[in-house]
Amino acid sequence: MIEQYQPAPEGDAVSNIANGPSQGLPHLPYLDGWRAVAVIGVLLDHYLASRFINPGRFGVEMFFVLSGLLMADILFVRQMVLPKFFGRRIARVYPALFAFLSAMAVAGGAGLWPADWQHLLSASTFTYNYYVLVAGRTAFLDHIWSLCVEEHTYVILAAIAAISRRSQVTGGILCLSLAALAWSDGAIRTLLGGGYYDVYWRTDVRAASILMAAGVYLLFRSRKVPSWAPIALGVTAVLFNFELVPDPLKYGVGSVLLALALVYVGQAHAAFLRLLGSKPLVIVGMLSFSLYLWQQPFAQFPGIAGRLLGLGAAIALSVLSYFVVERPARRYINSQLERLGSASVLRPVDV
């Protein structure tokens, strides 16, 4: 779901980077750890349901705020040109998604699940989160809603970047303003009786999480905080995720706290960063997108034994997908984008 970054000199942290227009966010192992915690939350929810807290929804929220931070960095700090930005988004998401949906189509044709071609089509065109509002959900593809929200919000962020002319202050204010509108939309729909799936799968509501994180990153990342603050913010955000907390608070105050925890995580105690950036978590974070894709259908297996078997199958297919499809396709498409970019710079201008 999210960009992989090249290594940078040691000592850089999320809140201390991007001091100039060309200096962007490097690869930071603890961000891979963040991805790992997010996808583990999804797995815990789908394979071991909880009565009091929903780790899956919290995991998705972790993905959303990370997407907002990274896309803000790419668009406003690195100032990546928009054709390259969208090309890299396609390279990051679509090959692995297409492989997954193709496999699901074959499995559906073989009668392994109640295939619905309209749902498959909406998933492949990133319209699933709105299609299910009229056609109903299908458990085997329900996780695609979050990808729809992300892709739609990337278009919004790109438009904000163009309108603000890459100004980080103006862009940040616009991001927070639109986030407030989207949050208000969700709060009003909830007060009018809307349920979680009817309200918080909609891009016009859930884009608030990504836009808010982008705005917080652009406006507040340079501030210094105590080393305990990111952990305290994260723990408090978890408390807002309990089932008893109303959704407008959960995805309002809770999401703001989570975004602040992420923005300042680079200032956390070194021991915490070493834990979050440990090799096992980095590996899980590396596989997180493929794992997120493949876990959903296997979570439908009945019984504890069935789910454990399904989890093993999902992990195996995730590893296969990452090394055979996701990583090679991303590298190839990105290399072609770089070649096209170089050629456009070298080509004489027609007059």
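No value in this document is a laboratory result; all are computed from the given coordinates. This one's a predicted model, so the numbers in the text were calculated from it and none came from an experiment. Every residue, glycine as well, gets a Cβ built from its backbone with ideal geometry; the counts of neighbours run over all protein chains shown.
Overall shape: rounded for the stretch 14-342, with the ratio a/c of the largest to smallest alpha carbon gyration tensor axis below 1.5.
As a check on your grasp of the helix formula, calculate [θ] at 222 nm for the chain: sum -39500 (n - 2.57) over DSSP H runs of n ≥ 4, divide by the residue count, round to the nearest 500. Mind showing how you got there, number by number?
Working: 17 runs with 238 residues, N = 351.
It comes out at -22000 deg cm²/dmol, rounded to the nearest 500.
Which FRET efficiency, nearest 0.05, do SER227 and ASP198 yield, Cβ-Cβ r, R0 30 Å?
Details: r = 41 Å, r/R0 = 1.37.
Between SER227 and ASP198 the formula returns 0.15.
Note on ARG137 and VAL319: with the Förster distance fixed at 35 Å, the Cβ-Cβ geometry gives a FRET efficiency of about 0.80. Screening the chain for DSSP H helices whose Cα atoms reach 20 Å or more along their own axis and whose mean Kyte hydropathy is at least -0.5 gives 29-47, 55-72, 82-109, 144-163, 168-191, 203-220, 303-321. In the stretch 14-342, a dipole from Cβ-located charges (positive for Lys and Arg, negative for Asp and Glu) runs towards its positive end, and of VAL37, ALA96, PHE86 it is PHE86 whose Cα lies farthest in that direction. Spacing of the modelled spin labels on ALA103 and VAL253, each 7 Å from Cα toward Cβ, amounts to 4.2 nm.
Judged by the mean number of other Cβ atoms found within 10 Å, the most tightly packed of the peptides 26-37, 237-248, 89-100, 117-128 leads the ranking 26-37, 89-100, 117-128, 237-248.
Residues whose amide H lies under 5 Å from that of HIS27, counting only those 5 or more places away or on a different chain, are GLN6, ALA8; hydrogens are built 1.01 Å from N in the peptide plane.
Remark: spin-label model distance HIS27-LYS84 equals 1.8 nm, labels positioned 7 Å along the Cα→Cβ axis. With the cut-off at under 19 Å, measuring from each backbone N in the stretch 214-233 to a point 7 Å along the Cα-to-Cβ line of ALA271 picks out 226-233. Extension gain, LEU181 to ASP116: 0.36 nm times the residue separation minus the Cα-Cα distance gives 20.0 nm.
Give me the percent relative contact order of the stretch 14-342, please, defined on Cα pairs under 8 angstrom at least 6 residues apart. Show your work: numbers first, answer last.
Details: 473 pairs, mean separation 94.1, N = 329.
Once normalised by length, the contact order is 29 percent.
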